[in-house]
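Undergrad: Attaching a single structure in structure tokens format; questions to follow.
The values are calculated or read from the model by the stated rules, or taken from the named source; none is laboratory data. Nothing here was measured: the structure is a model prediction, and the numbers come from that model. Neighbour counts are summed over all protein chains in view; Cβ atoms, including those assigned to glycine, are modelled from backbone coordinates with ideal geometry.
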Amino acid sequence: MISLRINGNKYDVDVDPETPLLWVIRDHIGFTGTKFGCGIGECGACTVHIDGEPVRSCSYQAGDAQGTAITTIEGLSPDGSHPVQKAWVAEDVPQCGYCQSGMIMATAALLDEKPHPTDADIDDSITNICRCGTYPRIRKAIHLAANTKGEA
Amino acid sequence: MATSTLNRRSFLLSAVATTGALTLGISLTGCSEDQRPLSKNTEPQTFNAFISIASDDSVTIQVPCSEMGQGVFTALPMILADELDADWEKVTAETASADKAYHYKTGWDDQATGGSYSIAGWYAALRNVGAAAREMLTDAAAETWNVPASECVTNKAVVSHPMSGRSLGYGALVAAASKRTVPENPKLKSAEDFQIIGHPKSRKDTTAKVDGSAIFGVDVKLPGMLIATVKTSPTFGGMVKNYNEGAALAMPGVRGIVPVPAGIAVVADSYWQAHKAIDALDIVFDSGSNAEQNSEKISAELHKGLSEEGLVAHEQGKAKEAIAANDSNAVTAVYEVPYLAHACMEPMACTVDVRADSCHIIAPTQAPGEVRRLAEKITGLPLEKIKVDVTFLGGGFGRRFEVDFVEQAILASKAIGRPVKLIWSREEDIAHDFYRPASVVRLSAAFDKAGDGLAFDCRLVAPSISQRALNLPDSELDGAAVEVLREIPYGFANTYVDYVRKDLGVPVGWWRSVGASQNGFIRESYIDELAHSRGEDPYQFRRRLLGEDKRHLGVLELAAEKAGWKNQLPEGHFHGIAVVMSFNSYVAEVAEISIEKNGNLKIHKITCAVDCGTVVNPSIVEAQVVSAVVYGLTAAAAGEITIKGGAVEQSNFHDYPALKLSETPDIEVHLVKSTEPPTGIGEPGLPPLAPAVANAIFAATGKRIRSLPFSKNGMTLA
């Protein structure tokens, strides 16, 4: 049995502590916004926040997340109103959409650390994969979110 | 319509025809087969198979195509909603379940999404559905008020009679209207009256895709559902020899072991338990007859095909003789491209609930019609007992046209007797794709004294997708294999194109833009070679040879103008250009590159010009062209599936890399204004990308890239 704090709620889960956090979030707790893309931490579709830091949850053991505050896309805002989500809507970023939870979580963490990232900062930080190639709109949306975040 | 798409589609059509007569021309107001309510909205009233209207005048539209990122979930409802005069802000889209009502009315008698055909295939039909419904709603209101229908007008889901100041919302009229006779030829709007078509409306799926609520194949939940994963023979054509069932069954959460074709599925309470148990099975495979196959042998066999006789794809005049007679100015080149995987972001997944008297499939599939027929075959249940729902697809690109993963999920649910969600690992996904065919092509051409194209001679050697997927007989030409090289638009007086088919033991499939993906690279690189061999500017050379071909010229000139082809570029920057028509759409692209001091390739900008006829949603069209450029650049830069021991050597994104944000150049998309019927847009942006970049590399370095990817030619992306 392990105990996890996800999106402000406590969950006790009967699971092997070595199970990747991703699968505990998806299969045991039931938040499916966090996606499985590669299982080796390459693509970033499974990005969540652990104590505010972006983490690729497919390659992070659930047992190690005990005692931390985990945030998934479902917990980023109660109603899709986080500045990054609003910027994503304004730029109509998603295509297939499968990678976008991870992209948004990676971006939210970036903006917490660097409220006004340069293009070079974005290149360095947003290393998630999008096979639809939404990258140009992602870049625009990140700048838009940075410019609107203070107003929210 | 171009022969390339007709061919591919007619094959599909004949494949469909063998499964039973599926009637064309179903009444557009007819309900779907089982008359079930189609909408999940509150208090909807079904108007017909496509439209339901609630009492608040909100309209729910069934989308007959699968949303895999390309925007049909928005663009198809836009077409219908405009003619219906619905209130766009109160239009909801839903992906239609598999049903005969959602077969294309022309060209392709199936419910399937591919061939860049969604808008092209549905444009006229959905306008008709919307216009007919609008007319019926208007007539119902006119009858209520006892006034001539001609005095009534519609706007935003309300019928009004301006002379008397009366109005009724569609919600109040739907019951009466849906019982009226369907007009056969409803009056359609003129293009200048469109209020939705042609406008950059926001996508209807965006909100759900930014808050995590969108449901993809991997996200489906059914009561009592178990989760499965599979491992199949790494070697193509291999079989399971033996495995340690006891070890897997002893593991926590494991509920069953199910043999599937060439592999084993493990069914468990959760994915991770199934995944761990697959390893514990310790499956031993019998490698089969392909065990010695490898990339070197494949390449050698393809090159060998250059000296074999092929099926004639196109013959006009006497090309070989003309080239032989002019060998002093003839240019011959051989090109080669590798296998490619689709690598959709969402690994293959499918949920199935097989019962004694029913089968429910919930799948991210491009082929719901085919999925339903497959389930009929496996379960033996009548078609009407098989329900297929389609989730959002985490990418498709042609991969989800295949139903291999659906078959595995059906077998697993049938064996276990419970609903089963099957999810592949990424490793399974890369190793068991249906790959873009590797190919080798030789081209020769000669010019007359005036500089006009005298002869073009081309032999393609490649595996055939239509042979693998549609059992195309040996004697028939695979049109998809030769597209773009067969339709060479440069006015050669004599042409000869033939195709040598090779079955190399690697399953091949429809990969975004299909034959155009490699043939576009080959043709447009070769045309660049011809221009340079004659000392001509590659852009002006194409212009000259395209003659009066207005649509090719239109995009070529627009791309050159917007990219500043004639202008001075920054020091060390170089341009390359290419133009390809595919899926009846014309796209030209100009690449601007430089070579960095360390030899790395820096792509600064791709300028695209697109003529896809009438544009339904310019924002989605722009996104699709950008998407195709990124997908094409991923492949051209470093995309390569290699074979060793009869199996794929790559396994995940670390060795089959995808382009990252930092590597993505500026991409500009310019649309040609057109009132022609809409044509494809999901794929046509891809074929010109690789040759535009390769031609820029030649301009920069003098090195001609005749094989892909660039990384194999010593070019790494900066």
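Undergrad: For region B:158-180, give me each residue that is part of a loop (DSSP other than H, G, I, E, B) and without any contact (Cβ under 8 Å) to a residue 24 or more places away in the chain.
TA: Matches in region B:158-180: B:162, B:163, B:164, B:165, B:179.
Undergrad: Listed residues B:321, B:292, B:309, B:315; which is part of a helix (DSSP H, G or I), surrounded by fewer than 17 Cβ atoms within 10 Å (Cβ to Cβ) and not aromatic (Phe, Trp, Tyr)?
TA: Going through B:321, B:292, B:309, B:315 in turn, just one is part of a helix (DSSP H, G or I), surrounded by fewer than 17 Cβ atoms within 10 Å (Cβ to Cβ) and not aromatic (Phe, Trp, Tyr): B:321.
Undergrad: Here's a follow-up. Within region A:10-43, track down each residue that is more than 10 Å from chain B (Cβ to nearest Cβ) and surrounded by 24 or more Cβ atoms within 10 Å (Cβ to Cβ).
TA: Those that are more than 10 Å from chain B (Cβ to nearest Cβ) and surrounded by 24 or more Cβ atoms within 10 Å (Cβ to Cβ): A:21, A:25.
Undergrad: Report, by residue number, each residue of region B:650-679 that is in contact with a strand residue (DSSP E or B) (Cβ under 7 Å, 6 or more places away or on another chain) and more than 14 Å from chain A (Cβ to nearest Cβ).
TA: Hits for region B:650-679 are B:670, B:671, B:672, B:674, B:679.
Undergrad: Let me ask something else. Would you check if residue A:93 is in contact (Cβ under 8 Å) with a residue 40 or more places away in the chain, aliphatic (A, V, I, L, M) and either more than 8 Å from chain B (Cβ to nearest Cβ) or buried (at least 20 other Cβ atoms within 10 Å of the Cβ) (or both)?
TA: yes
Undergrad: Here is a list of conditions, (1) away from chain A (no Cβ under 14 Å); (2) of a type outside the set (Ser, Thr, Tyr); (3) assigned to a loop (DSSP other than H, G, I, E, B); (4) in contact (Cβ under 8 Å) with a residue 40 or more places away in the chain, and residue B:147 meets all of them except one; can you say which number that is?
TA: (4)
Undergrad: How many residues does region B:189-226 hold that are touching a Gly at 6+ places or on another chain (Cβ under 9 Å) and of a type outside the set (D, E, K, R)?
TA: Qualifying residue count for the region: 12.
Undergrad: If you go through region B:357-365 one residue at a time, do you hit one that is under 21 Å from residue B:110 (Cα atoms), buried (at least 24 other Cβ atoms within 10 Å of the Cβ), within 14 Å of chain A (Cβ to nearest Cβ) and within 20 Å of the chain's Cα centre (by Cα)?
TA: Within region B:357-365, one or more residues are under 21 Å from residue B:110 (Cα atoms), buried (at least 24 other Cβ atoms within 10 Å of the Cβ), within 14 Å of chain A (Cβ to nearest Cβ) and within 20 Å of the chain's Cα centre (by Cα).
Undergrad: Would you call residue B:571 outside any loop (DSSP other than H, G, I, E, B), over 25 Å from the mean Cα position of the chain (by Cα) and in the same structural domain as residue B:679 (by TED's automatic domain parsing)?
TA: It is false that residue B:571 is outside any loop (DSSP other than H, G, I, E, B), over 25 Å from the mean Cα position of the chain (by Cα) and in the same structural domain as residue B:679 (by TED's automatic domain parsing).
Undergrad: Any residue in region B:355-366 that is within 30 Å of residue B:475 (Cβ to Cβ) and touching a helix residue (DSSP H, G or I) at 6+ places or on another chain (Cβ under 9 Å)?
TA: Yes, region B:355-366 has at least one match.
Undergrad: Give the residue, chosen from B:474, B:448, that is in the same structural domain as residue B:584 (by TED's automatic domain parsing) and touching a Leu at 6+ places or on another chain (Cβ under 7 Å).
TA: Sole residue among the options that is in the same structural domain as residue B:584 (by TED's automatic domain parsing) and touching a Leu at 6+ places or on another chain (Cβ under 7 Å): B:448.
Undergrad: Within the group B:684, B:709, B:665, which residue is at negative phi, crowded, with 23+ Cβ neighbours inside 10 Å and either modelled with pLDDT of 95 or more or not assigned by TED's automatic domain parsing to the domain that holds residue B:563 (or both)?
TA: Checking each option against the conditions leaves just B:684.
This table checks each residue for (1) buried (at least 22 other Cβ atoms within 10 Å of the Cβ); (2) closer than 30 Å to residue B:349 by Cα; (3) aromatic (Phe, Trp, Tyr); (4) at pLDDT below 95.
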residue	(1), (2), (3), (4)
B:181	no, no, no, no
B:208	no, yes, no, no
B:211	yes, yes, no, no
B:218	yes, yes, no, no
B:238	no, yes, no, no
B:243	no, yes, yes, no
